[in-house]
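Please treat every number below as a calculation from the coordinates, not as lab data. Since this is a predicted model, take the numbers as computed values, not measurements. Every residue, glycine among them, receives a Cβ derived from its backbone with ideal geometry; neighbour counts consider all protein chains shown.
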Amino acid sequence: MSAAAAKPEAIVTRLGGLIASFTTEQVTPKALEQARTCILDTIGVTLAGAGEPCTRILKETPGVADAPGKALIMGTARRTSALDATLVNGTAAHALDFDDFSGELGGHQSVPLVPLLFALADERGATGRALITAYVVGVETEIRIARAVNFHHYDKGWHPTATLGIFGAVAAAAHLMKLDPQRTAMALSIAASLASGLKANFGTMTKPLHIGQCGRNGLLAALLAERGFDASLNAMEHRQGFLDVFNGKGTYDVEKIFENWAEPLEIAAASIGLKQYPCCGSTHSAIFMMQELRREHGLRPDDVAHITLLPHGRRLRHTDTPQPQSSLEAKFSVQYVCARALKDGAVRLKDFEGEAHFDPVITRLLKITEAKPHPEMRDDAEQQWGSEVIVELKDGRTVRRRIENLTGRGGEYPMSSQELWDKFSDCAGRVLPREQVAPLFECLETLEEASDVAQVTKLLEVNPLHTRAPSRIVLAPVGTEQAPDTTWVP
């Protein structure tokens, strides 16, 4: 056998074949249900983020969304190119950090995909079933690559939702566009040079911009490849390619991308979770424990002498913000969100609006709160999403609660239809007329039956004469159910 014949097939070539050959029949009933739920949830949080400053500034920037096209800027009557709609809607989708996430990805699997797919469906037409199938293969692609590069990729400082999500965006776009394996492979190679996103910008407007740009770049790569644009097919494994540059030699395992591809599907995994709280997922286990202590012991802020928060170390590295000075910083402050849970019994969108983080009661609680990595929760532990909360009371008692793993509502503990509706209606009602919210929810609950997704998109459009002040959103606390046993998120 010659040296040329023995040369291994390029990573993107192998992936391109798997993506292009993926069929609707491979989407199991469980995967279909989870995909539909995640898409519905993403549309809700995108609408909620449509009026956020980062989205507004982006829309007002000269040259953004000025191109003609059929793709809707959600929550408006404005239509533009699929590229620009993806940029704006993708940024809105992550603006509130309220979107779903994957423990294996170490990030948010839906936001790189859903805005892109709806924009592309507006522009080219697609059935609901085709959109869901494209979404499923997009999730499969980004999480499989994550399995190959994490934890090193995550710990190095990359924002996996963007740096890995771009490959999911390419897969989803290429599948909906029906690109052949060769063009799909080329789009993946183009995307390897367009990947970006640093965790240093967590807590700022740039974090959601990562997602808008990631989706736009993924779609751009697919559009270029469709027209014959080329790139190096060894852009992943080259000594100066994505894997060695973003990770480094010896820090990844390529075969984890392909082992048992789509069997089972990543979207059906227990590590897919929806957010009960509108803040960084890494704070949720600590919030849950504080809520449980409050409920079990009737705790009130005036009862408390000192609070110790002990999250898993990976959870604390980007959420240790003792005195948040902005609403965005508050979303990445485990101290703040636990103080909120103690004071109010819930953590809600309104807690990250205006000057809420300077509430005098919260300010006092922050002064008596310390956070440090849990000494018994190892970085290499199988479960990476635990927390312990210890509250010392003024009467001399100490109460504590510990959970080994909690990433969100998913797996064996999904959100109920009522809980989904409560979150969705509160999010969508900030932008849409009330009479559109329920029909939109019903359409998304049966998305696979839609013969044309553009008909669903019409319910995301707002007449320019319609004005609505943002409503205050109140989300019920998690309650007393057992926590899901899942893995890790950012």
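Once you reduce region 419-451 and region 372-411 to the center of their Cα atoms, the two points are 35 Å from each other. Summarising the amide proton neighbourhood of ALA371: residues at separation of 5 or more, or on other chains, whose placed amide H is nearer than 5 Å comprise LEU309. With a point put 7 Å past each Cα toward its Cβ, work out how far GLU376 is from LYS178 in nm, to one decimal. Inter-label distance under the simple model: 5.8 nm. Once backbone amide H atoms are built at 1.01 Å from N, ALA305 has GLU392, LEU393, LYS394 as its partners under 5 Å, excluding neighbours fewer than 5 places away on the same chain. Residues in region 239-255 carry Karplus couplings, in order, of 4, 10, x, 4, 5, 6, 6, 7, 10, x, 4, x, 10, 8, 9, 4, 5 Hz; the curve used is 6.51 cos²θ - 1.76 cosθ + 1.60 with θ = phi - 60°, and Gly or Pro positions show x.
The count of lysine pairs in region 281-410 with alpha-carbon distances below 19 Å, taking only pairs 8 or more places apart or on different chains, stands at 7.
Ignoring lysines fewer than eight residues from LYS70 along the same chain, the ones with Cα atoms less than 18 angstrom from its Cα are LYS59, LYS458.
A full extension of the chain between GLU449 and GLU237 corresponds to an added length of 72.3 nm, given 0.36 nm per residue minus the alpha carbon distance.
If you take the beta carbon distance between ARG124 and LYS367 as r and set R0 to 56 Å, what does 1/(1 + (r/R0)^6) give as a FRET efficiency, to the nearest 0.05? Computed FRET efficiency for ARG124 and LYS367 comes out at 0.50. Applied to region 61-74, the Karplus parametrisation 6.51 cos²θ - 1.76 cosθ + 1.60 on θ = phi - 60° returns per-residue 3J(HN,Hα) values of 6, x, x, 8, 6, 8, 5, x, x, 9, 7, 7, 7, 4 Hz, with x for Gly and Pro. Quick check: from the Cα gyration tensor, does region 9-269 come out rounded (a/c under 1.5), prolate or oblate? In terms of gyration-tensor shape, rounded. Calculated mean residue ellipticity, 222 nm, the chain: -13500 deg cm²/dmol, from DSSP H runs (n ≥ 4) at -39500 (n - 2.57) each, averaged per residue and rounded to 500. For region 29-59 versus region 228-271, the spacing of their alpha-carbon centroids is 26 Å. Between GLU25 and PHE358, the simple spin-label model (points 7 angstrom out along Cα→Cβ) gives 6.3 nm. The magnitude of the dipole of the chain, with charges of +1 and -1 set on the Cβ of Lys/Arg and Asp/Glu and taken from the Cα centre, is near 980 debye. Which of the three applies to region 281-410, rounded, prolate or oblate, going by the alpha-carbon gyration tensor with a ≥ b ≥ c and a/c under 1.5 meaning rounded? The shape class here is oblate.
Expressed as a whole number of Å, what is the distance separating the alpha-carbon centroids of region 89-105 and region 123-189? Measuring centre to centre over Cα atoms gives 15 Å.
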